[in-house]
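Working notes, structure below.
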Amino acid sequence: MNSRHTRISFTEFTNTYVPFALLIALALLVPETTQNLDRYRTIFTIWATTILLIPALSLYLFSDASVAVYNYWHLFWTFSYVAFLFHFYWAVFVIFKGVHGTFAGQGNLIAGTNFLLTAWWGTDVVLSWLVASCPTWLRWERAGATLFVFSIFAITTLVLRPTPITKALGLTLTIAVALSFAIWLIVRESSSVASELRNTR
Amino acid sequence: MFQIVLVTAVSLLLAFAVALPILERSWMTADEHLDPKDAFFRGSIGTELIPLPVLQVLPDLFPEDFGSGDSWIDRFGFLRSSDPSELPVGFTVSHHRPQSGAPSPVPFVGFSCVLCHSTRIRDTGNQAEPIVPGPGNSSLNLFAWIDSLQKAIGDERLTVKKISDTYMQKTGRQPLTLSQRVMIGLWLRGFRKTLAEGFSKYDEPFGGDLSLTPECVPTGPDRTQPFRTIVRRVLDRPGTSMSVYTKVGTVYQEQLREWSQFDGSIRDLNARSALAAFAAGATVDNLAIPEIAGNVRQASEYTRTLRGPTYAQVFPERPLDAEKVRRGKAIYMGTGPYASVGVNGKQVKLTCDACHGHPENGVWIAGELQGAVVPWEQIKTDPERVTYRYYDRIPDRLAAFFPAKHPFEFKREDLRPGPTGSTKGYINAPIDSAFTRVPYFHNATVLTLAELINLKPRRAILYRGRNSYDPVDVGLSSPDSPDATHYFRLDTSLKGNSNKGHDYPWPYGSPNWNKQQLEDLLEYLKTL
């Protein structure tokens, strides 16, 4: 695909927007039944983000395969970031009362990493909508952003905050991405063998 | 078409979900930074319990549990506010939901510190009589009120519609808004669910007149079961078999006390206030809300220097006999048995002053043994408070219950029993404004100072309720048989109710017992 700006069908939009809207609505409303609205809004929005990241990260390696796959990746990547912004708002401005409070509460390493994640991921989402072509620098930038986002989510859900639900989400994310990577390797291998065969003839 | 409907529907849901938190912030007034006195008198400390409209109509809907009209205020011993249109003293209104402290469109009623820690010494029924902050409310039967409240709220006849209709009828105000009705409905459902989940552990509330009987709700006026809530919430145990009845403590001059509570089990002033709020229904979550945390801290500050009135201020018509006071002081400072104390077994004369200290030029001078915890076997007062089943387990669990960085996270060494002491007994505390600290003993089983110092024999059966003040024997009077005002029969032979022990300076009727000297001592005690 020379141009990365493709027409998104209403079905593609519906299939990605509806889960996003439902998950965020639930993440904001379900805490009404809990003891601590703000804490659970912070937790549930990161769960929603993780769920939306599973298709986004799994489709990333195949985004060149077809327009439809690209569109689904693009939409899930975008909506998962919007979901993350809800989490970011509650974590930084409600729980920690601002950037200074976040650094004080989380420590420089974790807070700094989170701010870097937010900035880099956001930049990539913006670029994905603004930059029509896909030059090499953007491919490398996106690969880096994707790897960074995956690493942070996998480490956070599996190691740093391993509650049963976050662990399940983290495992699902990791397995889905690993499977996706394995399939991508197999497909790429098959393609290069086929290409070699064609060249041999 | 289906997709358009679906996208529209979830968009509306999303818009509502996003708008709700914004709307919620508009339900709260801006954080009020109350000064220490205001925080003590009217600050929310996270104990929100019931929506204001429900509190207002409940007595009308369930007169069998609350009595007619506003008689529930006297029935359960609350203090009427000087303004009859106001809620009783210590009822505070906020827009915090119970437990979570989240914003609410309907105001909720909770308790401020002054609900339990204030009284009218001369309780003549005249609301103009001044309220004295600090001592426990000697007439308040809070546990009976809560029992009746639970019974009424659990009654399926109580519906949001009935609440709304009665509220309109009674107050003549606008009907409740949709959001207020929704919130009341959510609260009602949640309250009943929690109540029903507890039936198998704690049994059903009694309600009616039964909630005022010692057989059903044995706590009675001016007493709490301080560990019941804590055992239930921290250990998840029923806590129903504990006969631990404790007087609502007096909170004068907390700066004089390194360790507080009757058993000297909590050190940090803010921690003791936070734990008191926790025992009264606040949660770890809502105690972390800045406004509530601020109120608890400010109210603590108020108690740091709060002083009680003098006998002469309250009873100016009863001048003290200076000569008797002089002789009484000599007994206070110098009379008492010798005993070996501490690990070294040092011989110390157990005078009143040695254990409690005395005032000098407006300053409280600590006694030699003030602040020491006396083993219950030595002082021989009721042991239930320090020997109940979970006494040793609570501090560890409690310290872990408040997470790191919580505003009231406290050190394990600030709780006893533990690394800083494990004596099971009662702490020697200052007794400034002694005449207002009625009734006496940690379990509120001695009504007067005359009985406390064994000038008079201690009554075995007390009738409690709204007991008037007895300025002669210095304490509360009690009739010989129950009546409408003195409804609660406190039998001191029952477990947890013993009024034995602390036989200083002499046991009643013992060979050294001297009536004249004890009368002098009583006169001096009036000056503290």
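The values are calculated or read from the model by the stated rules, or taken from the named source; none is laboratory data. Please read all numbers here as calculations on a predicted model, not as lab measurements. Cβ placement follows ideal geometry from the backbone for every residue including glycine, while neighbour counts extend to all protein chains displayed. What goes into the accessible areas is simple: the full protein's heavy atoms, side chains included, and nothing from ligands, DNA or RNA. Shrake-Rupley method; radii C 1.70, N 1.55, O 1.52, S 1.80 Å.
Before we go on, tell me the buried accessible area for the B/A pair, both chains summed, 1.4 Å probe, in Å² to the nearest 100. Don't skip to the end; give the middle numbers.
Numbers: alone 23710 and 11180 Å², together 32920 Å².
Buried area (both sides, nearest 100 Å²): 2000 Å².
Can you give the longest stretch of chain B with no exposed loop site, where a site means GluC sites (Glu not before Pro) in a DSSP loop (not H, G, I, E or B) with at most 15 other C-beta atoms within 10 Å?
Working: sites that count: B:Glu32, B:Glu86, B:Glu156, B:Glu215, B:Glu258, B:Glu317, B:Glu409.
Result, exposed sites excluded: B:410-528.
I'd like the orientation of helix B:2-27 relative to chain B: the angle between its Cα long axis and the longest Cα principal axis, in ° from 0 to 90, rounded to 10.
30 degrees
Only residues of the stretch B:461-494 count here: report those whose backbone N is under 13 Å from the spot 7 Å along Cα→Cβ of B:Thr213, or say none.
Zone members listed by number: B:488-489.
Let me confirm one metric for peptide B:277-288, namely the mean number of other chain beta-carbon atoms within 10 Å of its residues' beta-carbons. Spell out each step's value before the answer.
Numbers: counts 0, 0, 0, 0, 0, 0, 2, 2, 6, 2, 0, 3.
Across the residues of B:277-288, the mean count of other-chain Cβ atoms within 10 Å is 1.
Of B:Lys424/B:Lys500; B:Lys37/B:Lys526; B:Lys329/B:Lys456; B:Lys329/B:Lys424, which sit over 21 Å apart, Cα to Cα? If you can, show how the numbers build up before the last one.
Numbers: B:Lys424/B:Lys500 17 Å; B:Lys37/B:Lys526 26 Å; B:Lys329/B:Lys456 19 Å; B:Lys329/B:Lys424 31 Å.
Too far apart for the 21 Å limit: B:Lys37/B:Lys526; B:Lys329/B:Lys424.
Ignoring solvent entirely, what values of log10 I(q)/I(0) come out of the Debye formula for chain B at 0.05, 0.08, 0.09, 0.12 Å⁻¹ when each Cα is a single scatterer?
Calculated log10 I(q)/I(0) at the listed q: -0.21, -0.53, -0.67, -1.17.
Out of residues 5 or more away from B:Leu476 or on other chains, whose amide H comes under 5 Å of its own, with H placed 1.01 Å from N in the peptide plane?
Under 5 Å from the amide H of B:Leu476: B:Thr448, B:Asp470.
Using a cut-off of under 16 Å, list every residue of the stretch A:34-73 whose amide N is near the label point 7 Å from the Cα of A:Ile175 along the Cα-to-beta-carbon line.
So the set is A:51, A:54-55, A:58.
Return the average number of partner chain Cβ atoms within 10 angstrom of each residue Cβ along peptide B:14-21. List each step's numbers first, then the result.
Values: counts 10, 2, 3, 12, 4, 1, 5, 10.
Taking all residues of B:14-21 together, the mean is 6.
For the protein assembly as shown, what does the accessible surface come to per residue with a 1.4 Å probe? Please give it in Å². Mind dumping the intermediate values first?
Values: 32920 Å² over 729 residues.
About 45 Å² of surface per residue is accessible.
Give the Debye-formula value of log10 I(q)/I(0) at each listed q (0.11, 0.14, 0.25 Å⁻¹), with one equal scatterer per alpha carbon of the stretch A:62-159, two decimals each.
Taking Cα atoms of the stretch A:62-159 as identical point scatterers yields -0.38, -0.60, -1.41.
Setting aside same-chain residues fewer than 8 positions from B:Lys380, which aspartates and glutamates have a Cα under 15 Å from its Cα?
Partners found: B:Asp263, B:Asp503.
Which residues' amide hydrogens lie under 5 Å from the amide hydrogen of B:Ala429, considering only partners 5 or more residues apart or on another chain, with H built in the peptide plane?
Amide H neighbours of B:Ala429, under 5 Å, 5+ apart: B:Gly371.
What is the extension gain from A:Arg139 to A:Ile155, computed as 0.36 nm multiplied by their sequence separation minus the C-alpha to C-alpha distance, in nm to one decimal?
Values: separation 16, 0.36 × 16 = 5.76 nm, distance 2.40 nm.
Separation in residues times 0.36 nm, less the Cα-Cα distance, equals 3.4 nm.
How high is the FRET efficiency between B:Ala366 and B:Arg232 when r is their beta carbon distance and R₀ equals 45 Å, given to the nearest 0.05?
Details: r = 37 Å, r/R0 = 0.82.
Efficiency for this residue pair is about 0.75.
Between the alpha-carbon centers of the stretch B:252-275 and the stretch A:144-175, tell me the distance in whole angstrom.
Taking the Cα centre of each part, the stretch B:252-275 and the stretch A:144-175 sit 45 Å apart.
Rounding to the nearest 10 and keeping the result within 0 to 90°, find how far the Cα-based axis of helix B:322-334 lies from the longest principal axis of chain B.
Long axis of B:322-334 versus the principal axis of chain B: about 90 degrees.
How much net charge surrounds B:Gly67 when only the other residues with a Cβ under 9 Å from the Cβ of B:Gly67 are counted, with Lys and Arg +1 and Asp and Glu -1?
Details: positive: B:Arg75; negative: B:Glu64, B:Asp65, B:Asp70, B:Asp74.
Local charge sum for B:Gly67: -3.
So if I restrict to the alpha-carbon atoms in chain A, what is the Rg, and what is Dmax, the biggest pairwise distance, in Å?
Final numbers for Rg and Dmax: 18.5, 70 Å.
When the solvent-accessible surface of protein heavy atoms is calculated with a 1.4 angstrom probe, in what order do B:Arg97, B:Arg42, B:Arg122, B:Arg412 fall, highest first?
From most accessible down to least: B:Arg42, B:Arg122, B:Arg412, B:Arg97.
With just the Cα atoms defining each centre, how far is the stretch B:286-334 from the stretch B:170-211? Give it in Å.
Centre-to-centre (Cα) distance: 38 Å.
Quick one: angle between helix B:52-61 and the longest Cα principal axis of chain B, in degrees between 0 and 90, rounded to 10, please.
The helix B:52-61 is inclined about 80 degrees to chain B.
What is the Cα centroid distance between the stretch B:72-111 and the stretch B:421-468, reported in whole angstrom?
30 Å
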